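The values are calculated or read from the model by the stated rules, or taken from the named source; none is laboratory data. Quick caveat, the model's predicted, so the values are computed rather than measured. Positions of Cβ are backbone-derived with ideal geometry, glycine not excepted, and every protein chain shown enters the neighbour counts. Each accessible area value is taken on the protein alone, full model and side chains, heavy atoms only, with ligands, DNA and RNA left out. Shrake-Rupley method; radii C 1.70, N 1.55, O 1.52, S 1.80 Å.
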Amino acid sequence: MPELPEVEALADHLRRHAVGCTIGRVDVAAFSVLKTFDPPLAALHGQTVTGAHRWGKYLGMQAGELLLIAHLSRAGWLRWSDKLAPAPLRPGKGPIALRVHLGTPGQAPGFDLTEAGTQKRLAVWLVDDPAKVPGIAALGPDALAVGAEELGRLLAGHSGRIKNVITDQKVIAGIGNAYSDEILHTARISPFATAAKLSSDQLTALHDAMRGVLTDAVTRSVGQQAATLKGEKRSGLRVHARTGLPCPVCADTVREISFADKSFQYCPTCQTGGKVLADRRLSRLLK
């Protein structure tokens, strides 16, 4: 799933390559991705792209008074092309959900919003105010804008596990499954620690890790081509998606907890005092 660093890098890519271009045509192949109908997508035709923005994990391209906003969800992506095929998209089962031609179709660049897999969750809105997107209106403060004291206040009222709380977009915006693993590993905090019960030292470590991990990821990602961002993300991960490999800090084996539709990773030595947390598939969680 694209998280704050990747979405910021995609917004940067659009700023560098799309701003100043005129939208020639918008094609839709998966009408289920459209969550608004007024104004219609045709209102973008002939408009000049003036900017690109990020709200948490939402990506937006601005053209005049309108904003084309996308949430890429788990398997969505933005695929850039220096010269898109001119033929209109046909509805079907392919990965392309929506295509934006930046100029005369067949003679100019543009991009596709794609989604892999069978769970189609990619969503697109065309609005004149980002607050009209329900998910954006409900976002908590951006993860890169949260101060240390504010983080303590945000977590104080939450009795859930810290892994779940910092990935709740209504609490803190921008952090997903992968970077929460990295942040908690850097902070040396168990993913099952109770958010409201973190000590002052743990809160400081968590804030420093959140800033450090995300800032480093943004620095590595911004300026990359859209096609290379996924590989850049994977290359910077220390525990996420590294089950069975040695922890780069202590050399202990990185362990995994699996759920119905996702998994996360942690290091027992660095984060849980050496305890191996039982996999939820076996219903034997160790607290």
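Observations on the model:
- Taking the Cα atoms of the chain, the ratio Rg/Rh between the radius of gyration and the Kirkwood radius comes to 1.01.
- Computed on the chain, with alpha-carbon pairs under 8 angstrom and 6+ residues apart, the relative contact order is 18 percent.
- With Cα atoms, 0 to 90° folded angle of helix 200-221 axis to the chain main axis: 30 degrees
- A Gaussian network model of the chain, with springs between Cα atoms under 10 Å, assigns the largest mean-square fluctuation among LYS262, LYS197, LYS120 to LYS262.
- Calculated FRET efficiency for the pair VAL249/ALA196, C-beta based, R₀ 25 Å, to 0.05: 0.40
- Rounded to 5, the percent of DSSP beta bridges in the chain classed as antiparallel: 95 percent
- For the chain, the list of Cys residues with no other Cys C-beta under 4.7 Å reads CYS21, CYS250.
- Accessible surface, segment 4-138, averaged per residue in Å² (probe 1.4 Å): 44 Å²
- For the chain, the Cβ-based charge dipole about the Cα centre amounts to some 920 debye (Lys, Arg positive; Asp, Glu negative; other atoms uncharged).
- 0 to 90° range, to nearest 10: angle between helix 177-187 axis and the chain longest Cα axis: 40 degrees
- Per-pair calculated FRET efficiency, R0 = 51 Å: LYS275 and LYS120 via Cβ, rounded to 0.05: 0.85
- Accessible surface ranking for THR228, THR219, 1.4 angstrom probe, highest first: THR219, THR228.
- In the full protein context, segment 148-275 carries 45 Å² of accessible surface per residue, based on a 1.4 Å probe and ignoring ligands, DNA and RNA.
- 10 Å Cβ shell holding at most 11 others, DSSP loop, chymotrypsin sites (Phe, Trp or Tyr not before Pro): longest site-free stretch of the chain: 38-258
- Amide N of segment 174-206 lying under 20 Å from the label point, which is placed 7 angstrom from the Cα of ALA137 along Cα→Cβ: 174
- Over the chain: helical MRE at 222 nm, DSSP H runs n ≥ 4 each giving -39500 (n - 2.57), nearest 500: -7500 deg cm²/dmol
- For the chain, the share of accessible area belonging to carbon and sulfur comes to 52 percent (1.4 Å probe, ligands and nucleic acids excluded).
- Using the Cβ-Cβ distance between GLU256 and LYS35 with R0 set to 30 Å, the FRET efficiency works out to roughly 0.30.
- For the chain, the longest principal axis of the C-alpha atoms and the axis of helix 4-17 are separated by about 30°.
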